[in-house]
Amino acid sequence: MSLAIVILAAGQGSRMNSDLPKVLHPLAGAPLIAHVLRMAQGLEPARLVVVTGHGADAVAGAVAEHAPQAVVVHQAEQLGTAHAVAQARAALEGFSGDLLVLYGDTPFVRAETVQAMQAARAGHALVVLGFDAADPGRYGRLVARGEVLERIVEYKDASHEERAITLCNSGVLCADAEQLLALIDAVGNDNASGEYYLTDTVALARAEGLSAGVVRCDEAETLGINTRAELAAAEAIFQARARAEALENGVTLAAPETVFFALDTMIGRDAMVGPNVVFGPGVTVETGAEIRAFCHLEGCHVSRGAVVGPFARLRPGAELAEDVRIGNFVEIKNAVLDEGAKVNHLSYIGDASVGEGANIGAGTVTCNYDGVMKHRTVIGARAFIGSDTMLVAPVQVGAEAMTGSGSVITEDVPEGALALGRARQKNRPGLARRMMARLRAIKAGKAGKG
Ligand code: UD1
Ligand code: MG
């Protein structure tokens with residue numbers, strides 16, 4: 001059965017108390033809506049539509065980045081969830097199959113749960129995802145008998161008895177697209193909020209003799225983000241799951257509760273991660289690599305057998321080949337390090353390529369920025385960069401070349417050459433002692449006057 005997905009993301013999210021649209025607040029290094037888009041894309045929908053409203057341009061930008069194939073439609077006024085889905089009508093033109101409705105602020109719904117809903121469609125025209133709420137609060141209540149759903153009543157419109165129901169509406173709903181859009185046409189706004197409720201489609205379907213069903217999931221899965229406190233709670237939930245998953249996948253975490261993952265972190269089996277490591281977006285760590293304590297990684301790739309840290313920072317575009325060593329207080333940005341290259345101490349390597357087996361001495365800096373433009377440094381295989389070398393880019397150091405410690409390298413170094421770019425040392429016999437004696441005498445004279 002072919003599937004279309006509509007994600008509702010027009011709401012203001014005023015309880016976030018923020019200038020940023022709610023669905024763009026970050027969870028595990030990615031905007032909330034990216035989590036929903038990722039799950040949605042995993043279902044390989046024939047159409048993916050996002051309904052925007054508040055902060056539409058910014059939300060559309062994030063959608064383009066995380067799901068380029070999605071169609072963004074605009075809901076100028078937020079008149080209710082049914083009205084929001086109706087905005088997708090033109091984008092669904094010519095589609096036939098199931099339509100799934102998700103919320104952009106509900107990041108944890110799992111693909112397996114949606115698949116269970118799709119399977120339940122065999123018995124029901126309309127399937128709603130429900131959960132037993134510990135505190136049902138202001139959620140819509142599902143009036144159901146077993147798996148058969150009679151109607152959904154919004155909290156504001158519910159009677160005392162209905163409010164006592166703990167089976168709640170997650171908002172996720174699945175039905176035949178054409179049928180659902182027809183039901184939405186019949187939805188009115190004569191209710192306590194004056195809104196067009198998507199939830200009214202259940203009673204309307206029943207009135208037409210169509211059946212509706214409930215699929216249940218865990219409450220944590222339908223957690224919606226409305227406040228910063230809920231966002232922080234969601235982050236904690238995400239991290240707890242990501243740590244458990246990493247352990248399950250054969251990653252050693254010395255202190256799991258101190259390691260932070262991003263939505264898309266990929267770590268291979270038998271990799272080791274020390275305490276206090278933060279993974280930003282876009283990191284892959286291959287099998288058997290080691291990330292020692294207190295490292296920060298984003299947008300980078302660490303190959304097999306590589307060792308990073310402690311106290312290292314890998315920024316976007318850092319590509320470490322097998323057996324590369326990155327030591328303490330080293331920053332790597334937009335640089336490719338070939339097999340076995342070593343940068344062990346106190347260095348900045350940016351906009352560079354470092355050849356196989358090259359050794360970069362302590363305190364080396366690629367001076368990549370002239371205040372206006374960035375320039376590249378190319379270091380050949382097995383080159384030896386002396387400690388405290390400044391490589392003023394654009395510059396190339398050939399294979400098996402060396403630079404003397406403290407050199408400022410402004411010209412290319414040929415293969416196999418030794419480059420010395422520093423003042424020559426002169427020793428003046430006895431001068432240190434004579435100078436010290438003079439300085440002490442000056443100090444003593446001053447003290448006498450005072
Ligand atoms: C909705 C459900 C409620 C359910 C709850 C779960 C309805 C009528 N009620 O209530 O049964 O228990 O979600 O969280 O559907 N949105 C738009 N455009 C609109 C209105 C909403 O895009 O015009 C989006 C919001 O941005 C949000 C989602 O739809 O992502 C839900 O809207 P919200 O106003 O939060 O609905 P609730 O009152 O929470
Ligand atoms: Mg809500």
For residues that are among the small types (Gly, Ala, Ser) and exposed (fewer than 15 other Cβ atoms within 10 Å of the Cβ), tally how many sit in segment 212-226. 1
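Is it the case that some residue within segment 88-101 is open to solvent by less than 30 Å² (accessible area, probe 1.4 Å), under 28 Å from GLY29 (Cα atoms) and either of a type in the set (Asp, Glu) or more than 16 Å from ligand 2 (Cβ to nearest atom) (or both)? Explain how you work it out, then say what you get.
Narrowing segment 88-101 to residues open to solvent by less than 30 Å² (accessible area, probe 1.4 Å): 88, 91-92, 95, 97-101.
Narrowing the set further to residues that are under 28 Å from GLY29 (Cα atoms) leaves 100-101.
After this cut, where a residue has to be either of a type in the set (Asp, Glu) or more than 16 Å from ligand 2 (Cβ to nearest atom) (or both) as well, the list is 100.
There is at least one residue in segment 88-101 that is open to solvent by less than 30 Å² (accessible area, probe 1.4 Å), under 28 Å from GLY29 (Cα atoms) and either of a type in the set (Asp, Glu) or more than 16 Å from ligand 2 (Cβ to nearest atom) (or both).
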Test THR410 against the criterion of being of a type in the set (Ser, Thr, Tyr), crowded, with 16+ Cβ neighbours inside 10 Å and in contact with a strand residue (DSSP E or B) (Cβ under 7 Å, 6 or more places away or on another chain), and give yes or no. no
All conditions in (1) within 16 Å of ligand 2 (Cβ to nearest atom); (2) open to solvent by 10 Å² or more (accessible area, probe 1.4 Å); (3) in contact (Cβ under 8 Å) with a residue 40 or more places away in the chain are true of LEU43 except (1)
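For every residue, the table says whether it meets (1) within 25 Å of ALA34 (Cβ to Cβ); (2) in contact with a strand residue (DSSP E or B) (Cβ under 6 Å, 6 or more places away or on another chain).
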residue	(1), (2)
HIS66	yes, no
VAL72	yes, yes
LEU79	no, no
SER96	no, no
LEU99	yes, yes
ASP105	yes, no
ARG110	yes, no
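Being closer than 21 Å to ALA236 by Cβ and in a loop (DSSP other than H, G, I, E, B) is the filter here; which residues of segment 275-293 pass it?
Of segment 275-293, the ones closer than 21 Å to ALA236 by Cβ are 275-281, 283.
Answer for segment 275-293, where residues must be closer than 21 Å to ALA236 by Cβ and in a loop (DSSP other than H, G, I, E, B): PRO275, ASN276, VAL277, GLY280, PRO281, VAL283.
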Residues of segment 170-224 being within 14 Å of ligand 1 (Cβ to nearest atom), of a type in the set (Val, Ile, Thr) and over 16 Å from GLY80 (Cβ atoms), in sequence order, are VAL172, VAL214, THR222
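Could you pull out the residue among ALA335, ALA352, ALA362, ALA341 that is of a type outside the set (D, E, K, R), modelled with pLDDT of 95 or more, over 16 Å from ARG315 (Cα atoms) and open to solvent by less than 10 Å² (accessible area, probe 1.4 Å)?
Details: ALA335 fails: over 16 Å from ARG315 (Cα atoms); ALA352 fails: over 16 Å from ARG315 (Cα atoms); ALA362 fails: open to solvent by less than 10 Å² (accessible area, probe 1.4 Å).
The match here is ALA341.
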Across segment 133-177, what is the total count of residues that are of a type outside the set (A, V, I, L, M, F, W, C) and either away from ligand 2 (no atom under 16 Å from the Cβ) or out of contact with any helix residue (DSSP H, G or I) (no Cβ under 8 Å at 6 or more places or on another chain) (or both)? 17
For segment 7-34, what are the residues that are away from ligand 2 (no atom under 16 Å from the Cβ) and surrounded by 17 or more Cβ atoms within 10 Å (Cβ to Cβ)? LEU24, LEU27, ALA28, GLY29, ALA30, PRO31, ALA34
One residue is enough: does segment 113-130 have a residue meeting the conditions within 15 Å of ligand 1 (Cβ to nearest atom) and either in the same structural domain as ARG241 (by TED's automatic domain parsing) or in contact with a Leu (Cβ under 6 Å, 6 or more places away or on another chain) (or both)? yes
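Please indicate, with yes or no, whether at least one residue in segment 93-106 is assigned by TED's automatic domain parsing to the domain that holds LEU37, within 25 Å of LEU263 (Cα to Cα), free of Cβ contacts under 8 Å to residues at least 60 places away in the same chain and under 30 Å from the mean Cα position of the chain (by Cα). I'd like the intermediate steps shown before the answer.
So the first thing to find is which residues in segment 93-106 are assigned by TED's automatic domain parsing to the domain that holds LEU37, and the list is 93-106.
Next, from what is left, pick out any that are within 25 Å of LEU263 (Cα to Cα): 100-106.
Filter once more, keeping what is free of Cβ contacts under 8 Å to residues at least 60 places away in the same chain: none.
There is no residue in segment 93-106 that is assigned by TED's automatic domain parsing to the domain that holds LEU37, within 25 Å of LEU263 (Cα to Cα), free of Cβ contacts under 8 Å to residues at least 60 places away in the same chain and under 30 Å from the mean Cα position of the chain (by Cα).
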Of the candidates ALA234, ALA244, ALA229, the one satisfying the condition of being assigned to a helix (DSSP H, G or I) and surrounded by 19 or more Cβ atoms within 10 Å (Cβ to Cβ) is ALA234
Suppose we filter segment 169-200 for residues that are out of contact with any Lys or Arg (no Cβ under 9 Å at 6 or more places or on another chain), among the polar types (S, T, N, Q) and open to solvent by less than 60 Å² (accessible area, probe 1.4 Å); how many remain? 1
Would you mind finding the one in LEU37, LEU3, LEU79, LEU48 that is over 30 Å from PHE279 (Cα atoms), touching a residue at least 24 places away in the same chain (Cβ under 8 Å) and more than 10 Å from ligand 1 (Cβ to nearest atom)? LEU3
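The values are calculated or read from the model by the stated rules, or taken from the named source; none is laboratory data. Since this is a predicted model, take the numbers as computed values, not measurements. With ideal geometry, Cβ positions are generated from the backbone for all residues, glycine too; neighbour counts draw on all protein chains shown. For accessibility, only protein heavy atoms count, side chains too; no ligands or nucleic acids. Shrake-Rupley method; radii C 1.70, N 1.55, O 1.52, S 1.80 Å.
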